[in-house]
Amino acid sequence: MTEPTKDIKYIDIAKIIEEGDSKLLKKLPRFVIKLISRIIWQKELNHLLTKNSESVGIDFLTKMIEEFNITIDVEGLENLPESRKCFFAANHPLGVIDGLVLTNTVAEKYGDLRAIANDAFMFAPHMRPLVAAVNVFGRSSREYLTALEEVYNSDIPITHFPAGLVSRRFDGKVQDQPWQKSFITKAISSQRDIVPFYFYNRNSPLFYTIYTIRKFLRIKLNLELALLPHEAFRKRNKTIKVKIGKPISYLTFDKSMSHLEWAQKVRAQVYELEEK
């Protein structure tokens with residue numbers, strides 16, 4: 001009888017901590033590290049990645065849609081321009097699945113893309129051909145910045161979540177934090193129009209409760225981030241609804257406002273899509 005294939009450890013929290021620079025994390029007891037591994041669904045993620053180890057790039061996106069059995073409900077496909085040299089910018093309510101749907105939608109239209117994404121995605125070689133990595137919690141390396149500039153100056157479609165972080169609950173509703181200005185700056189310098197995407201779905205109440213408790217206790221460590229794999233698996237067999245707005249010309253971003261102010265203007269236009 002053939003033995004089942006052993007899962008590859010693409011994600012290994014114990015090894016990451018051991019090879020990292022944090023002296024505090026290296027002092028964690030073994031049982032705490034095992035607990036963290038369970039919280040982030042390390043075993044399930046490695047099984048999923050191993051099962052689809054032969055799929056790379058856009059093919060991997062398709063496989064993940066199938067694995068999660070996601071139904072994608074897209075309104076406004078006619079707003080995707082024929083020119084692919086655009087930023088496809090979206091709110092970020094889910095953390096993993098919205099990224100999967102955004103990249104898959106753009107890939108189906110244009111056949112290629114680069115996603116500006118957390119460098120944690122580099123742990124999965126399946127995604128590397130599609131990722132323009134950034135360090136969202138620190139300074140990006142020179143290698144990352146050079147690669148980003150090459151992408152900006154190409155005609156490859158770029159998907160982006162300008163908030164940089166997953167939506168949280170504040171001011172009475174789930175929403176992104178203020179958007180960063182860099183995508184406006186790069187839209188102007190690389191002459192890229194911006195195509196707005198709005199995602200309707202939300203994470204579980206647990207995700208927002210952990211965030212609220214953390215803020216109340218003034219804990220800086222982003223504890224709820226560890227729940228994102230769990231949130232992704234909760235979206236299995238669900239419908240993800242998204243609306244695409246009309247492209248915004250890069251020529252719109254004149255000197256009447258700062259780049260940061262223009263970023264918030266585009267953010268507001270994305271949230272207005274919910275009401276239209």
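The values are calculated or read from the model by the stated rules, or taken from the named source; none is laboratory data. Bear in mind that the values here come from a model prediction, so they are computed numbers and not experimental data. Every residue, glycine as well, gets a Cβ built from its backbone with ideal geometry; the counts of neighbours run over all protein chains shown.
Numbers at a glance
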quantity	calculated
Per-region count, the stretch 80-97, residues touching a Lys or Arg at 6+ places or on another chain (Cβ under 6 Å) and surrounded by 18 or more Cβ atoms within 10 Å (Cβ to Cβ)	5
Filter result for G76 (over 18 Å from the mean Cα position of the chain (by Cα) and at positive phi)	yes
Residue among L77, L100 that is crowded, with 16+ Cβ neighbours inside 10 Å and either within 24 Å of F197 (Cβ to Cβ) or in the same structural domain as A163 (by TED's automatic domain parsing) (or both)	L100
Residues within the stretch 40-71 that are outside any loop (DSSP other than H, G, I, E, B), farther than 26 Å from R192 by Cα and aliphatic (A, V, I, L, M), tallied	5
Selection count where residues are without any contact (Cβ under 8 Å) to a residue 24 or more places away in the chain and either of a type in the set (A, V, I, L, M, F, W, C) or not in a loop (DSSP other than H, G, I, E, B) (or both), scope the stretch 72-104	1
Unique match (being among the charged types (D, E, K, R) and under 18 Å from D98 (Cβ atoms)) among R202, R192, R218	R202
Subset tally (residues that are crowded, with 21+ Cβ neighbours inside 10 Å and either of a type outside the set (G, A, S) or in a helix (DSSP H, G or I) (or both)) for the stretch 105-117	5
Residues of the stretch 191-204 satisfying the condition of being more than 25 Å from H230 (Cα to Cα) and either in a strand (DSSP E or B) or not assigned by TED's automatic domain parsing to the domain that holds I116 (or both)	D193, I194, V195, P196
Within the stretch 149-190, strands (runs of 3 or more DSSP E) holding 2 or more residues that are surrounded by fewer than 19 Cβ atoms within 10 Å (Cβ to Cβ) and in the same structural domain as T252 (by TED's automatic domain parsing)	168-170, 173-175
Qualifying residue in the stretch 60-73 (condition: within 30 Å of I184 (Cβ to Cβ), surrounded by fewer than 16 Cβ atoms within 10 Å (Cβ to Cβ) and assigned by TED's automatic domain parsing to the domain that holds K238)	yes
Count - residues of the stretch 226-246 that are assigned to a loop (DSSP other than H, G, I, E, B) and out of contact with any helix residue (DSSP H, G or I) (no Cβ under 7 Å at 6 or more places or on another chain)	2
